[in-house]
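**Student:** Supplied in structure tokens, the structure appears directly below.
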Amino acid sequence: MTRRQLFGKTALGISTAALHALLKSSGVASALDFASGTQGASTKFPNFAPKAKRVIYLFMNGGPSQIDLWDYKPKMAEKFDADLPDEIRMGQRLTTMTSGQKRFPVAPSKYKFEKHDNNDDGVWVSELLPHTAKVVKELCVIRSMWTDAINHDPAVTFIQTGSQLPGRPSLGSWVSYGLGTENENLPTYVVLHSKVSSGKTDQALFTRLWGAGFLPSEHQGVALRSAGDPVLFLSDPNGVDRNTRRQMLDDIAKLNEGQLRFFGDPEIEARIKQYEMAYRLQTSVPELMDLTKESDEVFELYGDASREPGTFAANCLLARRLVERGVRYIQIFHRGWDQHGNLPYDLPMQCKDVDQACAALILDLKRRGLLDETLVIWGGEFGRTIYCQGDLSRENYGRDHHPRCFTMWMAGGGVKPGIVYGHTDDYSYNIVDKDGAVITPSEDAFTPGAVHIHDLNATILNQLGVDHTQLTYRYQGRDFRITDVHGHVVRDLLL
């Protein structure tokens, strides 16, 4: 008998596992976990009082231009077409798309900015975001985000999984693994993809970005579709009724239970749970996706696009409905923010897709008493350069990738409302302190005023009541976590 078979045969049966799943939702499972030797992360967390119960992550894939949206640089107007000074770039690396340019001409934003009261010193917001500007009193705007990666796939992989190398669990999967579910009839982690008005989808979004990696597969994100069955094969096939489907699942569960006892492979138990979840989804998902009971006032709040399935606005409305039903982690992807050229044509359409819906989501959550317990996050994988990629004119320009500083915002979930954190230089090229001195941040130690990707993820987990250094999973002899061996909670952002 192999070691795996020995442990498999001595493990508790699937009936006890099912009982454990029921008891866990009532907080009574710890004794079973201890007795069976299968104590999981969800019995340890939260390990202190959480400020947020759920997360809605609005991900702008491609890298929104902070210079044209949030990081107002009026001095650049007089430097149009001037070369980027060497003392600003300081030899920092470039992508292959601009490294061959003979010069790096400054491209000031062509958009007007207005300063809005945010209960602090005010915040400058671009004319492209008129709706979001109205809710800045709820926003914690972070201008000093930075990342290690300079190209899309490693940068998106990094912010989603904490590693530039594919294969690690996504942040949503870590949250699912650590905290479990509040709704047995819906996935803990839901992913929504949004249509793009410009038709400019650019970078691919691979399923590994919401995958569970080496965590049990039950913790991977479930992507809901906007057309046909929200989940593939959700409907019973022709000639199969609910009773037949129930009997089939019961028989399959018995077969899998035998395999689980023999091999002790936790993936078999995960498969059983996924079959049962799929059965429950047949009832819960159609009810979730049915927006006919939403009032005209709600659709007006989110905008006309919210009536069209698959739009960013419709997905934000769905996110609110998912929050109401206790779904722990919701990720909405919106692609097309990669403006290497023709930015003045593409960026306004991108903003129009998301602006009203972002503001509506904040307002809708707040009036329903859900914003305080829901952490909303907006941003992309990196920012854009002040210098132009390709030809420059006053009416048209493009920007390359820029990882050294970019802007994200958070709202609700115990973060400070109405503040701006961090500073950048006049070129939005480097993070600086309040006196304008360049900060050289390091991921190995927290640098006040700068927020690394690991710091962001550590802070998100902190608001959910999780110490990021404790949420680990042993794989191939090493304890892994979303923040690798780095990350610090940014206390200045928190209430």
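**Student:** If you scan region 398-425, which residues turn out to be among the charged types (D, E, K, R) and within 18 Å of PHE382 (Cα to Cα)? Spell out how you get there, then give the answer.
**Tutor:** Looking only at region 398-425, we keep the residues that are among the charged types (D, E, K, R), and these are 399-400, 404, 416, 425.
Selection gives ARG399, ASP400, ARG404, ASP425.
**Student:** Could you check region 281-321 and list, in sequence order, the residues that are closer than 13 Å to LEU363 by Cα and either among the hydroxyl-bearing types (Ser, Thr, Tyr) or modelled with pLDDT under 95 (or both)?
**Tutor:** TYR302
**Student:** Is it true that some residue in region 162-176 is in contact (Cβ under 8 Å) with a residue 12 or more places away in the chain, among the β-branched types (Val, Ile, Thr) and farther than 23 Å from THR385 by Cα? Break it down into steps so the answer makes sense when it comes.
**Tutor:** Step one: of region 162-176, the residues in contact (Cβ under 8 Å) with a residue 12 or more places away in the chain are 162-164, 166-176.
When the remaining residues are screened for being among the β-branched types (Val, Ile, Thr), the result is 175.
Subsequent filtering for residues that are farther than 23 Å from THR385 by Cα retains 175.
The answer is yes, given that some residue of region 162-176 is in contact (Cβ under 8 Å) with a residue 12 or more places away in the chain, among the β-branched types (Val, Ile, Thr) and farther than 23 Å from THR385 by Cα.
**Student:** I'd like the full set of residues that are touching a residue at least 12 places away in the same chain (Cβ under 8 Å) and either among the charged types (D, E, K, R) or loosely packed, with under 15 Cβ neighbours inside 10 Å (or both), limited to region 100-114. Show your work before the answer.
**Tutor:** In the first step, residues of region 100-114 are kept if they are touching a residue at least 12 places away in the same chain (Cβ under 8 Å); the result is 101, 103-114.
Passing the criteria: GLN101, ARG103, LYS110, LYS112, GLU114.
**Student:** Separate question: Conditions first: (1) among the acidic types (Asp, Glu); (2) more than 27 Å from HIS401 (Cβ to Cβ); (3) touching a His at 6+ places or on another chain (Cβ under 8 Å). GLU443 passes all but one, so which condition is the exception?
**Tutor:** Unmet for GLU443, out of (1) among the acidic types (Asp, Glu); (2) more than 27 Å from HIS401 (Cβ to Cβ); (3) touching a His at 6+ places or on another chain (Cβ under 8 Å): (2).
**Student:** Looking only at region 310-327, count how many residues are under 15 Å from LEU224 (Cβ atoms) and either surrounded by fewer than 20 Cβ atoms within 10 Å (Cβ to Cβ) or over 22 Å from the mean Cα position of the chain (by Cα) (or both). So that I can check it myself, show each step before the final result.
**Tutor:** Taking region 310-327 and keeping what is under 15 Å from LEU224 (Cβ atoms), we get 310-312, 314-323, 325, 327.
With the extra rule that they be either surrounded by fewer than 20 Cβ atoms within 10 Å (Cβ to Cβ) or over 22 Å from the mean Cα position of the chain (by Cα) (or both), the set shrinks to 310, 321, 325.
Total meeting the criteria: 3.
**Student:** Another one. Does at least one position in region 439-457 carry a residue that is within 30 Å of GLN470 (Cβ to Cβ), surrounded by fewer than 20 Cβ atoms within 10 Å (Cβ to Cβ) and touching a Pro at 6+ places or on another chain (Cβ under 7 Å)?
**Tutor:** For region 439-457, residues within 30 Å of GLN470 (Cβ to Cβ), surrounded by fewer than 20 Cβ atoms within 10 Å (Cβ to Cβ) and touching a Pro at 6+ places or on another chain (Cβ under 7 Å): present.
**Student:** Taking the stated definitions as given, is PHE480 surrounded by 19 or more Cβ atoms within 10 Å (Cβ to Cβ), of a type in the set (A, V, I, L, M, F, W, C) and more than 30 Å from ALA82 (Cα to Cα)?
**Tutor:** Details: surrounded by 19 or more Cβ atoms within 10 Å (Cβ to Cβ): yes; of a type in the set (A, V, I, L, M, F, W, C): yes; more than 30 Å from ALA82 (Cα to Cα): yes.
Here the answer is yes, as PHE480 does meet what is asked.
**Student:** Please go through region 58-74 and give me each residue that is out of contact with any helix residue (DSSP H, G or I) (no Cβ under 9 Å at 6 or more places or on another chain) and more than 18 Å from VAL376 (Cα to Cα), ordered by number. Let's see the steps before the verdict.
**Tutor:** Kept after step one, since they are out of contact with any helix residue (DSSP H, G or I) (no Cβ under 9 Å at 6 or more places or on another chain), are these residues of region 58-74: 66, 70-72, 74.
Across region 58-74, the qualifying residues are GLN66, ASP71, TYR72, PRO74.
**Student:** Same structure again: Let me spell it out: the conditions are (1) assigned to a helix (DSSP H, G or I); (2) more than 21 Å from ILE362 (Cβ to Cβ); (3) more than 18 Å from the chain's Cα centre (by Cα); (4) touching a residue at least 60 places away in the same chain (Cβ under 8 Å), and MET97 meets all of them except one. Which number is the exception?
**Tutor:** (1)
**Student:** Keeping to region 93-137, report how many residues are touching a Gly at 6+ places or on another chain (Cβ under 7 Å) and charged (D, E, K, R).
**Tutor:** 3
**Student:** So, in region 289-309, exactly how many residues are more than 18 Å from LEU371 (Cβ to Cβ) and surrounded by 15 or more Cβ atoms within 10 Å (Cβ to Cβ)?
**Tutor:** Adding up the residues that qualify gives 9.
**Student:** On to the next question. For region 324-433, which strands (runs of 3 or more DSSP E) that fit wholly inside it have 2 or more residues that are among the β-branched types (Val, Ile, Thr), in contact with a Gly (Cβ under 8 Å, 6 or more places away or on another chain) and at negative phi? Even if it seems obvious, please write down each step before you answer.
**Tutor:** On the way: elements: 329-334, 374-379, 383-388, 399-402, 406-411, 419-421.
Result: 374-379.
**Student:** Give me the pairs, please: first residue somewhere in region 237-257 and assigned to a helix (DSSP H, G or I) and surrounded by 10 or more Cβ atoms within 10 Å (Cβ to Cβ), second residue anywhere and polar (S, T, N, Q) and modelled with pLDDT under 75, beta-carbon distance under 9 Å, and either six or more positions apart or on two chains.
**Tutor:** Note: pairs meeting the criteria are GLU257/SER15.
**Student:** While we're here: Anything in region 308-323 that is in a loop (DSSP other than H, G, I, E, B) and of a type in the set (Val, Ile, Thr)? List them, or say none.
**Tutor:** Residues of region 308-323 that are in a loop (DSSP other than H, G, I, E, B), as a first pass: 308-311.
Within region 308-323, THR311 is the sole residue that qualifies.
**Student:** Scan VAL466, VAL415 and give me the residue that is in contact with a Cys (Cβ under 8 Å, 6 or more places away or on another chain) and either surrounded by fewer than 23 Cβ atoms within 10 Å (Cβ to Cβ) or in contact (Cβ under 8 Å) with a residue 40 or more places away in the chain (or both).
**Tutor:** Values: VAL466 fails: in contact with a Cys (Cβ under 8 Å, 6 or more places away or on another chain).
Selected residue: VAL415, the only one of VAL466, VAL415 that is in contact with a Cys (Cβ under 8 Å, 6 or more places away or on another chain) and either surrounded by fewer than 23 Cβ atoms within 10 Å (Cβ to Cβ) or in contact (Cβ under 8 Å) with a residue 40 or more places away in the chain (or both).
**Student:** Please work out which one of (1) of a type in the set (A, V, I, L, M, F, W, C); (2) under 30 Å from ASN430 (Cα atoms); (3) without any contact (Cβ under 8 Å) to a residue 40 or more places away in the chain is the condition ILE159 fails and give its number.
**Tutor:** Unmet for ILE159, out of (1) of a type in the set (A, V, I, L, M, F, W, C); (2) under 30 Å from ASN430 (Cα atoms); (3) without any contact (Cβ under 8 Å) to a residue 40 or more places away in the chain: (3).
**Student:** For region 268-279, check the following and say yes or no: at least one residue is modelled with pLDDT of 80 or more, in a helix (DSSP H, G or I), buried (at least 16 other Cβ atoms within 10 Å of the Cβ) and on the phi < 0 side of the Ramachandran plot.
**Tutor:** Initial filter on region 268-279 (modelled with pLDDT of 80 or more): none.
Within region 268-279, none of the residues are modelled with pLDDT of 80 or more, in a helix (DSSP H, G or I), buried (at least 16 other Cβ atoms within 10 Å of the Cβ) and on the phi < 0 side of the Ramachandran plot.
**Student:** Follow-up question, since we're still on this one. Being free of Cβ contacts under 8 Å to residues at least 40 places away in the same chain and of a type in the set (Val, Ile, Thr) narrows it down to one residue among VAL432, VAL451; which is it?
**Tutor:** Working: VAL451 fails: free of Cβ contacts under 8 Å to residues at least 40 places away in the same chain.
Of VAL432, VAL451, the one residue that is free of Cβ contacts under 8 Å to residues at least 40 places away in the same chain and of a type in the set (Val, Ile, Thr) is VAL432.
The values are calculated or read from the model by the stated rules, or taken from the named source; none is laboratory data. Keep in mind it's a predicted model, so treat the numbers as computed, not measured. Glycine also receives a Cβ, built like all others from the backbone with ideal geometry; neighbour counts cover every protein chain displayed.
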